[in-house]
Amino acid sequence: MSAESTPEPAIPGKDGSDGPRHRAGGRKKDRSPRHKALLITAWVAAGVVVLGGTGAGYVYFKLNGNIKSVDINQALGTDRPVKVDNGSENILVLGSDSRSGTNKKLGGGTDDGSARSDTAMIVHVYKGHKKASVVSIPRDTLVDRPECTDTKGVTHDAASGVMFNEAYSTGGAACTVKTVESVTGLRMDHYLEVDFAGFEKLIDELGGVPVTTTKAIKDPQSHLDLKAGTHTLNGQQALGLVRTRHGVGDGSDLGRIQLQQAFIKALVNQVKHIGVLTSPTKLYDLANTATKAVTTDSDLGSVNSLTSFANGLKGISSSHMNMVTMPVEYDPANPNRVIVEKSKAQLVWNALKNDQPIPAAATKGTATGEAKGVVTAG
């Protein structure tokens, strides 16, 4: 039963460049900001899909019909890292800069028919589901992309020294998962993606997200203009914050990652404190938006599966989320690109594989942006 073919369900409780070159992942020639819906919100959004007693059959089918899924397991087959059965989970949370559909009017840019993964995070949920580590992967990291087969059955040749975000534009979700698994040696248990329009609407329906900025942030390209101080960001402002690169710091992708990580913690706090379960109408609206916004792997492609998964995450507070960036260093041949600092990155992957905390030594002395501390939870 599709969302289009069903009337609105009855909801309980409802009536009726010539500029300077940037380091740390910046670009010689900046393209329009056609990015970056913060895909970690797919994980947070999943937390509001709990139907909490309002899940009448009509509502279930409406929400179930919203969810888009891709069969990662079938596309990748058996040539993958072995799943570690220690109670932990690895989730690849991804964002693309597609400008098609409703997304075209968000943040400028043109619809050229392509898409890239401009935000990528590995969320490692530790055994017991009380703590998590989040590892951001800079989009401009140069990697060796393995041969991969996309979900349409098309095989794409391997390529050396290409930007990480090209895996998505080459072969979509399946090729991105394949590349992440090749780089890390870790099996990705799940895949989640969210789009611009869904991100913006979700923030608005949550009533905004309080943050404090220690510096003014102004970036016309991402439609963001914030003075230093405390703000409750609406959807458009939140989207601008997680996309901005030029508004603060050194104009790098690594600096943007620091802003994204700070916003994630503020968002998690907001979701945990607004009490969405007190209003059946609010709960339904949030669940409807969240299920429309996400694309999942096929194992999470139903309301029941996504709800069960979300229930397993809701006990993780922002204070129990360790957020780091994959250890990288500047590419000696091009300061506008970064390369994996393999020895330190291996410390990260080994820790996650063994369900252990990421050691501080793994990220000490690696390349970083200049936006740390600019944004905190309001």
Residues whose placed amide H lies under 5 Å from that of C148, excluding near-sequence neighbours: H156
Cβ-defined net charge surrounding S69, 11 Å radius [Lys, Arg +1; Asp, Glu -1]: -3
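Given a cut-off of 25 Å, name the pairs among K178/K314; K227/K272; K227/K265; K83/K342 whose C-alpha atoms lie farther apart than that in the structure shown.
Working: K178/K314 28 Å; K227/K272 27 Å; K227/K265 20 Å; K83/K342 22 Å.
Going by Cα-Cα distance, K178/K314; K227/K272 fall outside the 25 Å limit.
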Normalised alpha carbon radius of gyration of segment 204-322 [divisor 2.2 N^0.38 Å]: 1.18
Lys, Arg +1 and Asp, Glu -1 on Cβ, resulting dipole of segment 120-271 about Cα centre, debye, nearest 20: 600
Rounded FRET efficiency, nearest 0.05, which uses the C-beta distance separating F61 from A361 and R0 of 45 Å: 0.35
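Once the Cα gyration tensor of segment 330-370 is found, what semi-axes does its equivalent ellipsoid get, as square roots of 5 times the eigenvalues, in whole Å, sorted largest first? All intermediate terms of the calculation are to be shown ahead of the outcome.
Values: eigenvalues 109, 24, 10 Å².
After scaling each eigenvalue by five and taking roots: 23, 11, 7 Å.
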Nearest-0.05 FRET efficiency for R187 and H223, computed from C-beta distance (R0 45 Å): 0.70
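Once you have a ≥ b ≥ c as the square roots of the Cα gyration tensor eigenvalues for segment 182-271, tell me rounded if a/c is under 1.5, and otherwise prolate or oblate according to whether a/b is larger than b/c.
On the way: a/c = 1.91, a/b = 1.32, b/c = 1.44.
Oblate is the answer for segment 182-271, as a/c is 1.5 or above yet b/c matches or exceeds a/b.
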Estimated FRET transfer efficiency (V154, D299; beta-carbon r; R0 30 Å; 0.05): 0.85
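Bear in mind these aren't lab numbers, they're just calculated from the coordinates by the rules spelled out. From a predicted model like this one, the values you see are computed outputs, not experimental measurements. Using ideal geometry, Cβ is built from the backbone for each residue, glycine included, and neighbour counts are taken over all protein chains shown.
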